[in-house]
Every structure is written in C-alpha cells, then in structure tokens.
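K.L.:
Got a structure here, written out as structure tokens. Questions coming.
Please treat every number below as a calculation from the coordinates, not as lab data. Every value quoted in this text rests on a predicted model; they were computed, and no experiment measured them. Counting neighbours? That spans all protein chains shown, and the Cβs are built from the backbone with ideal geometry, glycine included.
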Amino acid sequence: MSAKQMQLVDLGKRSGLKVYPVSIGAMRLPEDDEQSTALLRQAIDANMVYIDTCRGYPDSERKVGLALKNGYREKVILSTKWSPWLRKIEEDDDASADCTYKRIIESLERLDVEYVDFYQVWNIYKPAHFEFATRKGGMVEGIIRAMDEGLVKHTGFTTHDTPRNVCRYIDRADWAEVVLFTYNMINPTYKELVEKAHDKGIGTIVMNPMGGGMFTEESPVINNAVKDSTGIESPIEAAHRYLSGDNNVDTIITGIAKPSDITSTIENYEKPTMTADQTAAVEQAMAEISKENMGFCTNCKYCLPCPAKIDIPAMMKVAYLARLLKVPAKAKAEYSWTVNPNNPDCSAAPDQCLQCGACELKCTQRLKVMQQLKYIAENISEPTEK
C-alpha cells in the first residue's frame, strides 16, 4: 500500500481538514431508508468520511440526515450544494445572497443538523454563473453570512466548464477551499487544473471516477484498450489505480448504491498505484478511442442551429457511446440529461428531426447525422408525444 492509499491526507491547505482518498457520493442511495442508512454507515465505518450530497438530489439530504444520527454526524465531513440555474425550488429563486442563505437553512432542516462542513456553489459551467455567484450580493455572500453564523464551516464550487474558464475561476476564487471536478482516465481534461488547484491549497475532489458509469459496462472497446495498455483486466480497477496514483487528487467521490460499491473501491485503492508508464499508456489508448480519433463528431457545431432545435453534437455523443464504445447505459443517461427540461440547454428529441439534411451538408466529418438520429430515436429515446 502506498503512503496515500486509505490514509488521511490534507483536503487542500485552505480548509485545514483531512480526508481519506475515497469518499461518499450520495446521489444514488437505495430507496429504502433503512437500507440507505445501513449503507452510509458501512461507508463511514470504512473511513469514507467526506459525504457529498445536494439539494438537487431528490431526497438524498433527508436520507443522509437519518444516517448521521446516533453519533455518526461527528464522524463525517458533510457537504451539500445548490444553484438556481440547475434547480429552482421556488419560481423566483435566483443567485442572490438572500436566496442562497434561505436554501442553506432549508438544507440544514432536511439534513437535520446544526451546521454543514461545506456548502458549495453547484456546477459553475459558464462564466455567467461564476459572475452570478461572486458578484456583490451574490451566492458567495450568502454562504459567507451562514459561515459567520456558524451554519457553514467551509465553501467551494463544483464545475463542468471548459478548462480555460475553470483556470480563470481558480485564479479568482480566493474564497474557495475545495473544488469538485470530473476527472478519469477517459476524460483527463482537468488533470492540469487539478494540479493547479492543489498547488494553490484548494482541496481537490474528483467526481465520475468511473466515467459516469462507463467503466462498469462491458464495453469490448474499453476493456481491450485498458488491458492492452496496462495489463489490468478490469477497467474499474484500472480507473481507481489511475486516480490513486495522482498525488494532486485529495479524494474521489464514489457513488454508493450497494455494499460492493464500498468494498470494491477500497480494495482497488489498496492495490499498487499505476506506474507512470501505465498511466501514459492508458491515456494514449483512451485518446485513440475518442470520438474525434474514431472519425466521429468533433463538436465543431457547424451543423447548428438545427431548425428542429435538436442539439446535434450532444446527440452524436449519445450515438458514439452507444454504437462505437458500446456502453448503452451511459448513452441512455447522456440522452436523458440532454432532453431533460431541467437542463438549461435542453434539446428537442431526435424523433423531431425534419429530415431536411442541412446538418449533413455542413458537417466537416461528412457524418450520416440523420441516420444516427434515427438510431437514437428507435433504440434509446422515448417517443415524443405529437
């Protein structure tokens, strides 16, 4: 076991807290309260003490609160988050300090705790969100008010924005003590930003270590790429060992839905980290099966706008996941988010395609876009009511 594996490390320098390298993601807890309580306590007892929940995860906060009774609250670092651009609780919700403070109070009530260790700005995915959060009278002021009152101990933000934008946020976010990124062996986009945040003393937390579930599916493309490049049979094991070897990552968020999610993750973290050669090889192998290198959609967006209001690049990503990587569950999850009305960039469903062919005329890759949309409509999506 290396020095980092399942031993306490600093959660950045700014927070002054320590955390184990594997933490709890509370987005997909069992429906049954007793089962979710038992699962959460199993994870906490196994030293997964940082808990990531959210006002936008249906009843996650309530279930976490139940599990933290009988002395478990004192064992954990509890974090929740919210933003009005992702989840409005009331129609007039906004990114103001007053609204944010109101939502903090509500989360404390749902969690049934006196304070949370972290309250984060949830998913800054474009510059306007960072400005909304940090301007005078904005979200961060509301969080700081709660910190002054002892209701929140620390703060930070989560993001899915471009590396270029996130780099600017990190430089300007003197208030942030942690940041939550997506980072895994098929998507190492934020690797340098994780290092930058770590160097600035910001705690680095990684979400989607399994590629949003991609590595848990039996994809022959991914399986072969991982085995050939690293010699590791299981993509799940490889994904964990890839991240455990990055000393700039303080902890990963593991979504727990069953006991084996806990035990298998810890078992993998107790194995040797990937060597530098293995890390370089798997990154190269993953790059070679990217949609760009497989001659698929490059997200140039020349095909837009679509007269039927279909987000064609997003739908082409769905097709790539389903048809090239052969990870149908991940493709369906991506599709569900793309057409979700709660998504500010919500796409029309592919069965709304007008078959006008304008997108194919403008596609730089000369892709059969309409054919892919038809495939998604027939195999992945639910029919649109007309």
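K.L.:
Round to the nearest 10 and give me the degree value, 0 to 90, for the angle of helix 139-148's Cα axis relative to the longest principal axis of the chain.
P.N.:
20
K.L.:
If you don't mind, another one. Hey, which lysines would be in cross-link range of K69, C-alpha to C-alpha under 19 Å, not counting anything within fewer than 8 residues on its own chain?
P.N.:
Leaving aside lysines fewer than 8 places away in the same chain, none come within reach of K69.
K.L.:
Here are several values of P(r) over Cα pairs in 10 Å bins from 0, in percent: (i) 5, 23, 35, 28, 9, 1; (ii) 5, 24, 33, 23, 11, 4, 0; (iii) 5, 22, 31, 27, 13, 2, 0. Which one was derived from the coordinates shown?
P.N.:
The calculated read-out lines up with (iii).
K.L.:
Can you list the HN-Hα couplings for region 169-180, worked out from phi with the Karplus curve (6.51, -1.76, 1.60; θ = phi - 60°), rounded to whole Hz and with x for Gly and Pro?
P.N.:
4, 4, 5, 9, 8, 5, 7, 7, 9, 9, 9, 10
K.L.:
Tell me which GluC sites (Glu not before Pro) from region 158-204 have a DSSP coil assignment and no more than 15 other beta carbons within 10 Å of their own.
P.N.:
none
K.L.:
Turning to a different aspect of this structure: Could you tell me which residue out of V152, I256, M210 lies farthest along the dipole of region 9-283 toward its positive end? Charges go on the beta carbon: Lys and Arg +1, Asp and Glu -1, centred on the Cα centre.
P.N.:
V152
K.L.:
Once you place label points 7 Å from the Cα toward the Cβ at L354 and A287, how far apart are they in nm?
P.N.:
4.0
K.L.:
May I pose another question? Give the relative contact order (percent, whole number) for region 312-379; include only Cα pairs under 8 Å separated by 6+ residues.
P.N.:
Relative contact order of region 312-379: 33 percent.
K.L.:
Please identify the cysteines of the chain that lack any partner cysteine with a Cβ under 4.7 Å from their own Cβ.
P.N.:
Isolated Cys, the chain: C54, C99, C167, C297, C300, C306, C346, C353, C356, C363.
K.L.:
Quick check: Cα centre of region 213-233 to Cα centre of region 244-283, how many Å?
P.N.:
So the separation of the two Cα centres works out to 15 Å.
K.L.:
Further question: Along the charge dipole of the chain, pointing to its positive end and built from +1/-1 on Cβ of Lys, Arg, Asp and Glu, which listed residue (M27, L180, N224) has its Cα farthest out?
P.N.:
N224
K.L.:
Here is a further query. Looking only at region 4-29, which residues have a backbone nitrogen under 18 Å from a spot 7 Å from the Cα of D112 in the C-beta direction?
P.N.:
29, by backbone N distance to the label point.
K.L.:
Kindly rank 231-239, 25-33, 199-207 from highest to lowest mean number of other beta carbons found within 10 Å of each residue.
P.N.:
Highest-to-lowest ranking by the protection proxy: 199-207, 231-239, 25-33.
K.L.:
Using the alpha-carbon atoms, what tilt in degrees (0 to 90, nearest 10) does helix 328-338 show relative to the longest principal axis of the chain?
P.N.:
Taking the Cα atoms of the chain, the angle to 328-338 is about 80 degrees.
K.L.:
For Cα pairs less than 8 Å apart in space and 6+ apart in sequence, what is the mean separation divided by the residue count of the chain, i.e. the relative contact order in percent?
P.N.:
It rounds to 15 percent for the chain.
K.L.:
Dipole size in debye (nearest 20) for region 312-379 around its Cα centre, Lys and Arg Cβ +1, Asp and Glu Cβ -1?
P.N.:
With Lys and Arg at +1 and Asp and Glu at -1, about 300 debye.
K.L.:
Could you check what % of the DSSP bridge pairs in the chain are antiparallel, to the nearest 5?
P.N.:
10
K.L.:
Under a Cβ-only charge scheme (Lys and Arg +1, Asp and Glu -1), can you give me the dipole magnitude of the chain about the Cα centre, in debye to the nearest 20?
P.N.:
840
K.L.:
Fully extended, how many nm does the chain gain between R62 and T275 (0.36 nm per residue separation, minus their Cα-Cα distance)?
P.N.:
72.6 nm
K.L.:
Given a Förster distance of 30 angstrom, what is the FRET efficiency for D92 paired with R135, based on the Cβ-Cβ distance and rounded to 0.05?
P.N.:
So the FRET efficiency works out to roughly 0.95.
K.L.:
Determine the distance separating the Cα centre of region 23-69 from the Cα centre of region 302-347; give it in Å without decimals.
P.N.:
About 30 Å separates the Cα centre of region 23-69 from the one of region 302-347.
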